[in-house]
Amino acid sequence: MIALMTKAEGIIIRTTNYGENNKIVTLYTEEFGKIGLMARGARKPNSTLSAASQVLFNGLCLFQKGRGLGTLYQAESLNPFRHIREDIEKTGYAALMIELTDRLTEEQKPFPGLYRLLKNTLLLIDKGTDAGVIASIYAIKMMRVAGIDPEVDRCVHCGRRSGPFVFSVSGGGFLCPDCAGEDPYALPLSGAAIRLLPLFKHIPVNRIGRISLRHETIKEIEKMISTYYEQNAGIRLRSQRFIDQLSKFRTD
Ligand SMILES: [Zn+2]
């Protein structure tokens, strides 16, 4: 059997030390989705793979795919994401996006457009667009990948398009005033959050400009997102706890 080399662009979303010198890395690519690769010698100080074996590495990778674990041979960086790495809040939000990608995808099952979405949203954070806003947009778009896309354009029960809506986590979207009784636990969202959710869901990433929102509005949307993932996908996001801790130190 001839094992062929493959070249693909990707982002490292997880790493695990293996043995004294090696790392097992999880690379997210457009063509293959998520793949596990052995990076031999990556923990040695002068290894050519040491930079490529860090979470958030984005580059062109040369590897051999295996039935289980493949092997990473070379990697060339495309985006250093320097501003993300230098800022603890940006790093926290990037970690949240990477955690979602890892936990909501399966090995070698590509999802069209997801790699580009992850890369382009990370680039926006690196260029200075509000990290909390971008991470929330990414998290809402990822709900479709997870198969739990919420209805935020109309009432999920009767289809009515006018609010004021409440948000039903168990019902999967907005409920209008007539149907609000369907879910006694529905979350009462602010008018700002109700207007932003459809925008976040539908906006193409290349149309996102400078957005600045009140801190409370973003925290409200983040809370809704983490409750939604917890109840509908059964995942508790570790990175969200870190972000919540950080925001306690904000002075504005
Ligand atoms: Zn209704």
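The values are calculated or read from the model by the stated rules, or taken from the named source; none is laboratory data. Note that this is a predicted model, so its numbers are computed, not measured. Here Cβ is always computed from backbone atoms with ideal geometry, including for glycine, and neighbour counts include all displayed protein chains.
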Residue check, Pro80 more than 29 Å from Glu216 (Cβ to Cβ) and in contact with an Asp or Glu (Cβ under 7 Å, 6 or more places away or on another chain): no
Residue tally, condition among the polar types (S, T, N, Q), more than 17 Å from the chain's Cα centre (by Cα) and in a strand (DSSP E or B), over region 10-41: 3
Pairs, first assigned to a helix (DSSP H, G or I) in region 115-127, second at pLDDT 95 or above and of a type in the set (Lys, Arg), C-beta under 7 Å, six or more apart: Leu117/Lys141; Ile125/Lys90
Residue in region 27-40 that is of a type in the set (Phe, Trp, Tyr) and under 16 Å from Ser77 (Cα atoms) present: yes
Test result for Ala75, in contact with a helix residue (DSSP H, G or I) (Cβ under 8 Å, 6 or more places away or on another chain) and either more than 30 Å from Met143 (Cβ to Cβ) or in a loop (DSSP other than H, G, I, E, B) (or both): yes
Test for Gly191: is it without any contact (Cβ under 8 Å) to a residue 12 or more places away in the chain and of a type outside the set (Ser, Thr, Tyr): no
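Which ones in region 133-183 are among the polar types (S, T, N, Q), assigned to a loop (DSSP other than H, G, I, E, B) and either near the ligand (Cβ under 9 Å from one of its atoms) or under 30 Å from Leu114 (Cβ atoms) (or both)? Even if it seems obvious, please write down each step before you answer.
Narrowing region 133-183 to residues among the polar types (S, T, N, Q): 136, 162, 168, 170.
Still in the list and also assigned to a loop (DSSP other than H, G, I, E, B): 162, 170.
Of everything in region 133-183, just one residue is among the polar types (S, T, N, Q), assigned to a loop (DSSP other than H, G, I, E, B) and either near the ligand (Cβ under 9 Å from one of its atoms) or under 30 Å from Leu114 (Cβ atoms) (or both), namely Ser170.
Being loosely packed, with under 14 Cβ neighbours inside 10 Å and over 27 Å from Ile235 (Cβ atoms): is that true of Ser50 here?
Judged against the criteria, Ser50 is not a match.
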Odd one out for Pro110, checked against (1) at pLDDT below 95; (2) within 23 Å of Ala135 (Cβ to Cβ): (1)
Number of the exception - Ile194 against (1) within 16 Å of the ligand (Cβ to nearest atom); (2) over 23 Å from the mean Cα position of the chain (by Cα); (3) of a type outside the set (Lys, Arg): (2)
Region 91-116, residues that are in contact with a helix residue (DSSP H, G or I) (Cβ under 6 Å, 6 or more places away or on another chain) and more than 21 Å from Ala52 (Cβ to Cβ): Gly92, Tyr93, Leu96, Leu100, Leu104, Phe111
Scope region 197-219; condition in a helix (DSSP H, G or I) and closer than 15 Å to Leu122 by Cα; matching residues: Val205, Asn206, Arg207
Filter result (closer than 26 Å to Gly147 by Cβ and surrounded by fewer than 20 Cβ atoms within 10 Å (Cβ to Cβ)) within region 69-98: none
